[in-house]
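All remarks here apply to the structure that follows.
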Amino acid sequence: MSSNAFEGLGETLKELHLAHNKIKKMPKSMLNKLGELRVLHLWANSIDEFPLRYFQFCRNLQELILWGNELKIITESTFDGLWNLKKLDLDRNRIEAVEKDAFRHLWNLEILHLGENKLMYLTEGMFTHLTKLKVLNLDHNRITLVHQNAFSDLGSLISLSLDNNYISLLSGETFTNLRNLTMIFLHRN
């Protein structure tokens, strides 16, 4: 697929579905002129990384589905420019690390799926800036340690799934600021 595959559709293209295409690398500037894009599905490919600031021109994107790829790390610039994103699905990748401030541009994110990855630790500040997040799925990882302030900025969170991990201890302050939390899933830890 070339960088200009969707040239001329910048004003009209709202949804782009590229699932199950064996994509390994995304063309560097393919999304640059797709400013009206609202939905992007890239699930079940073999993408292991995105070019630096790949999504910076996708300011209207609301749904980004990336499950079933080969991503290993989420950097602080991976999702730059996605201020209006509401749903991000990163399930079934190989994510081992999420850098501090990796979600700093995702102010409007409401749903985040990070299940079935290789995360071992939930660190302080990992979810900073996600003040509108309502659903957080972290099931089927390798999580052994949850920092007592890992969720401190998630005051809007309603549902938290941590099942099928290796968590043996949670601090008494872990859920302190989660005043809207109505569902916690912790089975099989």
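Just so it is clear, none of the values below were taken in a lab; they were calculated from the coordinates. Quantities reported herein were computed from a predicted structural model and do not represent experimental measurements. Neighbour counts are summed over all protein chains in view; Cβ atoms, including those assigned to glycine, are modelled from backbone coordinates with ideal geometry.
Brief remarks on what is shown
- Projected over all directions and averaged, the alpha-carbon convex hull of the chain occupies 9.5 nm².
- Taking a sphere under 12 Å around the Cβ of residue 93 and counting the other residues whose Cβ falls inside, with K and R at +1 and D and E at -1, yields a net charge of -3.
- Histogram of C-alpha separations across region 1-81, 10 Å bin width, %: 19, 56, 24, 1
- Kirkwood analysis of the Cα pair distances in region 58-146 returns a hydrodynamic radius of 12.8 Å.
- Other residues whose C-beta falls under 12 angstrom from the C-beta of residue 11 contribute a net charge of 0, scoring Lys and Arg +1 and Asp and Glu -1.
- Placing unit charges on the Cβ atoms only, positive for Lys and Arg and negative for Asp and Glu, gives the chain a dipole magnitude near 220 debye about its Cα centre.
- The chymotrypsin sites (Phe, Trp or Tyr not before Pro) found in region 118-175 that occupy coil by DSSP, while having at most 12 further C-beta atoms within 10 Å, are 166.
- Near residue 115, once Lys and Arg are set to +1 and Asp and Glu to -1 for all other residues with Cβ below 10 Å from its Cβ, the sum equals -4.
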